[in-house]
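Novice: Here you go, one structure.
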Amino acid sequence: MNKRLLSLLLTVVMLFTLALAGCAKKNVEPQESAKPQESKEDFKVGFVYVGPIGDGGWTYSHNEGRLAIEKELGVKTYYKESVGETIEETVSAIEELIDEGCKMIFTCSFGFMDGTEMMAEKYPDVIFMHASGYKMNDKNFGNYFGRIYQARYLSGIVAGLKTQTNKIGYVAAMEIPEVIRGINAFALGVQSVNPNATVEVMWTHDWVDSAKEKQAAIALLDKGCDVIAQHQDSVAPQEAARERGVWGIGYHTDMSKVVPEATITSAIWDWRQFYVDQVKSAMEGTWKPISYWEGLDSGVTLLAPLNEALAPEGAAEKVEEARQRIISGEWDVFTGPIKDNQGNIIAKEGEKLTDEQLLGDEMNWLNENVIGQIAR
């Protein structure tokens, strides 16, 4: 065999060997691994609040959830408080949180919805969750709230049993379905134990303005109301009740801890576990957009323990009976017969309103025992 032929054969063998080695390497090479988990050092979470964290109400309850994230997950969090509900202010607050490196942002008021939607589109790698709204996408934007109306109904039972004048006042913020739904649930609870009692509504058109809230509560007290309920962010309505020597039903947090002389109970939020679960799933790479709306059985919404010094006789038993009916799923608050205060039939006997009717613009009526109107 001449040298040229031998050289050619050796070259062919060498190329064939290299090719086999390459194939073998390709076959044993591991597949691309899943997205690695985010470390607590790298993952930062932001919150946008409509009020101050010390408001004792709505913002305070969300801030307790933020603190739970830091405690349980060791994640660094940032927040912007007292942010106005314009698109411009919402966007500005979110931009500042993104500049801090936040990879997940919770915007905690209804009016932040449109601004959050815009930023979710602009920053597809950031996760956004919006409280109390209805907009979302299938990538990085979800929403969350709770069936607080169930706890509202229970608190209405307490108020209906407590009132001596049969006049109950309700200081309300915005004329939107969320607030109207709460008024009606509370009024239905009152009606279930005291069909002679009325619930008079006074609007402030602000989520948190303690001066306006207190002024509205005083106006209701001047009309003879001896129980003051609220859909407001501060304890001011409860303070007004205390000053007059009457009683109150708080909201958002257990306001009996702040105004024990007047507050009998409160319809409250506990966001801690929800926030921890959401952030944990985001860090693990398993988070998906959701529209969260759970009730008493979730632990997110609940009725605060009754103030034993003020609670009316038999209230604890009535509340527990209704709570069990709701949790069992056999019955819910908005089950007919229901009429509005204009005499219209909202739900016939045994008819249950749908979630669409509860969440949408169809929630534009007030229960038959409510004194007031909706200006739209």
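Novice: Looking at the structure I just gave you, is residue 39 polar (S, T, N, Q) and at pLDDT below 95? Talk me through it step by step, then tell me what you get.
Specialist: Values: polar (S, T, N, Q): yes; at pLDDT below 95: yes.
Judged against the criteria, residue 39 is a match.
Novice: Hey, another quick one. Please specify each residue of the range 202-218 satisfying the condition of being surrounded by fewer than 24 Cβ atoms within 10 Å (Cβ to Cβ) and either closer than 28 Å to residue 338 by Cα or touching a Gly at 6+ places or on another chain (Cβ under 7 Å) (or both). Lay out the reasoning, then the answer.
Specialist: The first filter runs over the range 202-218 and keeps only residues surrounded by fewer than 24 Cβ atoms within 10 Å (Cβ to Cβ), leaving 202-212, 214-215, 218.
Within the range 202-218, 202, 203, 204, 205, 207, 208 qualify.
Novice: Within the range 146-159, how many residues turn out to be in contact with a Ser or Thr (Cβ under 7 Å, 6 or more places away or on another chain) and under 23 Å from residue 363 (Cα atoms)? Steps first, please.
Specialist: Quick first cut of the range 146-159, residues in contact with a Ser or Thr (Cβ under 7 Å, 6 or more places away or on another chain) only: 146-148, 150-151, 155, 157-158.
From what is left, the residues that are under 23 Å from residue 363 (Cα atoms) are 146-148, 150-151, 155, 157.
Residues flagged as in contact with a Ser or Thr (Cβ under 7 Å, 6 or more places away or on another chain) and under 23 Å from residue 363 (Cα atoms) within the range 146-159 amount to 7.
Novice: Now for a different question. Any idea which of 318, 280 is under 24 Å from residue 130 (Cα atoms), touching a Leu at 6+ places or on another chain (Cβ under 9 Å) and not assigned by TED's automatic domain parsing to the domain that holds residue 73? Walk me through it before giving the result.
Specialist: Details: 318 fails: under 24 Å from residue 130 (Cα atoms).
Result of the check over 318, 280: 280.
Novice: I've got another one for you. Among the residues of the range 350-376, what is the count of those that are assigned to a strand (DSSP E or B), of a type outside the set (S, T, N, Q) and within 24 Å of the chain's Cα centre (by Cα)? It would help to see each step written out before you state the result.
Specialist: Quick first cut of the range 350-376, residues assigned to a strand (DSSP E or B) only: 352, 367, 370-371.
This time we only want the ones that are of a type outside the set (S, T, N, Q), so: 352, 370-371.
This time we only want the ones that are within 24 Å of the chain's Cα centre (by Cα), so: 352.
Summing the residues that are assigned to a strand (DSSP E or B), of a type outside the set (S, T, N, Q) and within 24 Å of the chain's Cα centre (by Cα) in the range 350-376 gives 1.
Condition check ((1) farther than 30 Å from residue 43 by Cα; (2) assigned to a strand (DSSP E or B)) across all residues:
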| site | (1), (2) |
| --- | --- |
| 214 | yes, no |
| 218 | yes, no |
| 251 | yes, yes |
| 260 | yes, no |
| 287 | no, no |
| 293 | no, yes |
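Novice: Could you please find all residues in the range 298-312 being closer than 19 Å to residue 238 by Cβ and small (Gly, Ala, Ser)? Write out each step before concluding.
Specialist: If we filter the range 298-312 for residues that are closer than 19 Å to residue 238 by Cβ, which is where we start, we get 302-312.
304, 309, 311, listed by residue number.
Novice: Another one. Of the conditions (1) closer than 20 Å to residue 72 by Cβ; (2) surrounded by fewer than 22 Cβ atoms within 10 Å (Cβ to Cβ), residue 305 clears all except one; give me its number.
Specialist: Unmet condition: (1).
Novice: Could I ask something else about it? I need the full set of residues from the range 219-237 which are in contact with a Lys or Arg (Cβ under 8 Å, 6 or more places away or on another chain) and surrounded by fewer than 19 Cβ atoms within 10 Å (Cβ to Cβ), in order please.
Specialist: Scanning the range 219-237 gives 223, 224.
Novice: Restricting the search to the range 193-212, which residues are closer than 28 Å to residue 52 by Cα and assigned to a loop (DSSP other than H, G, I, E, B)?
Specialist: 204, 205, 206, 207, 208, 209
Novice: In the range 245-304, what count of residues is obtained for those that are over 24 Å from residue 359 (Cβ atoms), among the charged types (D, E, K, R) and touching a residue at least 60 places away in the same chain (Cβ under 8 Å)?
Specialist: 3
Novice: Could you grab me the full set of residues in the range 181-201 that are crowded, with 23+ Cβ neighbours inside 10 Å and either within 23 Å of the chain's Cα centre (by Cα) or within 25 Å of residue 131 (Cα to Cα) (or both)?
Specialist: Result: 182, 183, 184, 185, 186, 187, 188, 189, 201.
Novice: Which of the residues belonging to the range 316-348 are out of contact with any Gly (no Cβ under 9 Å at 6 or more places or on another chain), of a type in the set (Gly, Ala, Ser) and either at pLDDT below 95 or part of a helix (DSSP H, G or I) (or both)?
Specialist: 316, 328, 329
The values are calculated or read from the model by the stated rules, or taken from the named source; none is laboratory data. Keep in mind it's a predicted model, so treat the numbers as computed, not measured. Don't worry about glycine lacking a Cβ; one is built from the backbone with ideal geometry, like all the others, and counts go over all protein chains shown.
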